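Comments concern the structure below.
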Amino acid sequence: MMPFEKCPVCGGVLEMKQVEKLLRGGSHTVSLKVTAEVCQHCGERLYAEDVVKSFEEIRSKLQKQEFTHFRALGQSFTIDKEWPNKSLNPTA
C-alpha cells in the first residue's frame, strides 16, 4: 500500500494497523475490521484503493437494502427526542 511516506494531513509517521470501520448506507450500518495506514500523530487513516472501492460497494448495497454477504450483528439505537440533555439529538 504505502503511497505516502508521511501523513498527508500533518506529516506524522504512518503505521499499518488493523482498525474497526463503520459504514453507513441509508439507515443501515456495517461494522468491519480492515488494515489501514494510521498516522501516529493525528490518527488519520489511509486505505488502499481497492478497499475504498469495497467501502463504496457496501454503502451502495446498504442504501438499496441488498443484504447479501452481510449478517446481523446486534441492534442499533438512537436516543429519543425526550433525552434530558438537549445538546444531544437523535440521528433519525
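The distance linking the range 73-92 with the range 1-65 is 26 Å (Cα centroid to Cα centroid, whole angstrom).
Between LYS6 and SER31, the modelled label-to-label distance comes to 3.6 nm, taking each label 7 Å out from Cα in the direction of the beta carbon. With θ taken as phi - 60° and the Karplus curve 6.51 cos²θ - 1.76 cosθ + 1.60 applied, the whole-hertz 3J(HN,Hα) list for the range 40-51 is 6, 9, 9, x, 3, 10, 10, 10, 5, 4, 5, 5 Hz, x standing for glycine and proline.
Cα extents for the range 47-92 along the principal axes, largest to smallest and rounded to whole angstrom: 43, 23, 18.
When the C-alpha to C-alpha distance is required to be over 24 Å, the pairs from LYS33/LYS81; LYS33/LYS61; LYS53/LYS81; LYS61/LYS81; LYS21/LYS86; LYS33/LYS53 that qualify are LYS33/LYS81; LYS53/LYS81; LYS61/LYS81; LYS21/LYS86. Between GLU57 and HIS69, the modelled labels are 0.4 nm apart [label points 7 Å from Cα along Cα→Cβ]. Give the shape of the chain as rounded, prolate or oblate, defined through the alpha-carbon gyration tensor: a ≥ b ≥ c are the square roots of its eigenvalues, a/c under 1.5 means rounded, and otherwise the shape is prolate if a/b is larger than b/c and oblate if not. Since a/c reaches 1.5 but b/c is at least a/b, the shape of the chain is classed as oblate. Farthest toward the positive end of the dipole of the chain, out of LEU32, TRP83, PRO3, is the Cα of TRP83, where the dipole comes from beta carbon charges about the Cα centre.
Using θ = phi - 60° in the Karplus curve 6.51 cos²θ - 1.76 cosθ + 1.60, the 3J(HN,Hα) couplings for the range 33-39 round to 10, 8, 7, 9, 8, 10, 6 Hz; x is entered for Gly and Pro.
What FRET efficiency, computed as 1/(1 + (r/R0)^6) with R0 = 30 Å and r the Cβ-Cβ distance, is obtained for GLU49 and THR78, rounded to the nearest 0.05? Taking R0 as 30 Å, the efficiency between GLU49 and THR78 is 0.35. The relative contact order of the chain comes to 21 percent, based on Cα pairs under 8 Å that sit 6 or more residues apart.
Throughout, read-outs are computed from the coordinates displayed, never taken from laboratory work. Given the structure is predicted, the values throughout are model-derived calculations rather than measurements. All Cβ positions, even for glycine, are placed from backbone atoms using ideal geometry, and neighbour counts span all protein chains on display.
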